[in-house]
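Just so it is clear, none of the values below were taken in a lab; they were calculated from the coordinates. Source: prediction; values computed, not measured. Neighbour counts run over all protein chains shown; Cβ positions are idealised from the backbone, glycine included.
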Amino acid sequence: MSVAIVTGASRGLGRALAGVLAAQGWDLVLSARGAAALEEAAAGMERAEGARVVAVAGDVAEERHRAALVAAARELGGLDLLVNNAGVLGAEPLVPLALQPPAGFREAFEVNVVGPLGLVQEGLPLLRESPAGAVLNISSDAGVVPYATWGAYGATKAAVDLMSAVLAVEEPGLRVWWADPGSMRTRMMAAAEPGEDLSGLPSPEQVAPVLLRLAARNLPSGRYTMEALAAGTGPEAGVGAGR
């Protein structure tokens with residue numbers, strides 16, 4: 001049975017990704033800060049899909065929590081897929097860089113960049129043992145396009161993109177994907193830009209199955225967008241690691 005760790009899994013895209021994986025027969029280790037919401041999500045997936053689902057509440061910025069996630073995966077039999085989805089904005093609502101609180105900027109890097117790197121480092125021995133070991137880092141177009149007020153969050157996603165690309169080169173035995181899901185109807189998006197009409201955006205439940213084509217089809221390492229995956233095209237030119 002394949003095993004995945006999914007962070008930020010109590011709501012939004014993380015919960016949707018975990019739900020699709022559970023439906024596909026994966027065993028899961030789920031992480032989020034809110035214990036009650038995480039337990040509810042995990043119990044629902046177990047009831048609906050019959051998967052083994054372990055909920056480990058905590059902050060991915062904390063080393064002890066990352067170790068607990070990997071230990072839980074080891075108990076389930078190993079680690080085949082690591083989904084680094086957990087993230088924070090750095091300020092809610094978003095503000096220009098001139099007004100960006102340094103504390104929020106630091107938190108965004110700790111959660112969005114340091115946390116995923118630490119979890120990759122912790123999980124690498126198990127990922128290397130898997131015949132299909134893979135890392136999926138959730139990216140954003142804010143990491144490549146200079147949107148006003150998205151500077152702090154975008155800076156973390158630009159860092160994640162480059163970190164992912166380097167990891168793909170350094171670990172050629174793994175698949176490493178950094179994928180931009182596009183804008184969605186999520187609580188995070190509503191917090192980022194309150195008052196914006198999100199009714200025309202797709203839901204996380206619509207996006208998750210498309211992103212997980214990366215694992216289902218064992219696509220090459222690289223940077224992907226929701227649109228490219230939906231259209232059946234490959235990684236963005238010049239940023240794929242090949243393989």
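Restricting attention to the alpha-carbon atoms of region 74-231, what are Rg (one decimal) and Dmax (integer), both in Å?
So, for region 74-231, Rg and Dmax equal 16.0, 48 Å respectively.
Taking amide H atoms as placed 1.01 Å from N in the peptide plane, list the residues 5 or more away in sequence, or in a different chain, whose amide H sits under 5 Å from that of Arg185.
HN-HN under 5 Å from Arg185: Ser203.
Amide H neighbours of Val135 under 5 Å, at least 5 residues apart or on other chains, H built in the peptide plane: list them.
For Val135, the qualifying residues are Leu82, Arg175, Val176, Trp177.
Once you wrap a convex hull around the alpha carbon atoms of region 134-190, what is its projected area averaged over all directions, in nm²?
Directional mean of the projected Cα hull area for region 134-190 stands at 4.1 nm².
Which part of region 29-55 falls in the paramagnetic zone of Glu62, meaning amide N under 19 Å from the point 7 Å along Cα-to-beta-carbon?
29-40, 54-55
If I build a Gaussian network model for the chain, linking alpha-carbon pairs within less than 10 angstrom, which residue out of Leu211, Leu82, Leu229 has the largest mean-square fluctuation?
Leu229
Give, in nm to one decimal, the length gained when the segment between Val145 and Leu97 is fully stretched (0.36 nm per residue of separation minus the Cα-Cα distance).
Residue separation times 0.36 nm, minus the Cα-Cα distance, leaves 15.8 nm.
Nearest 0.05, what FRET efficiency do Met188 and Ala158 give at R0 = 22 Å with Cβ-Cβ as r?
0.75
Just how far, in whole angstrom, is region 111-134 from region 28-82 if you go by their alpha carbon centroids?
Answer, in whole Å: 15.
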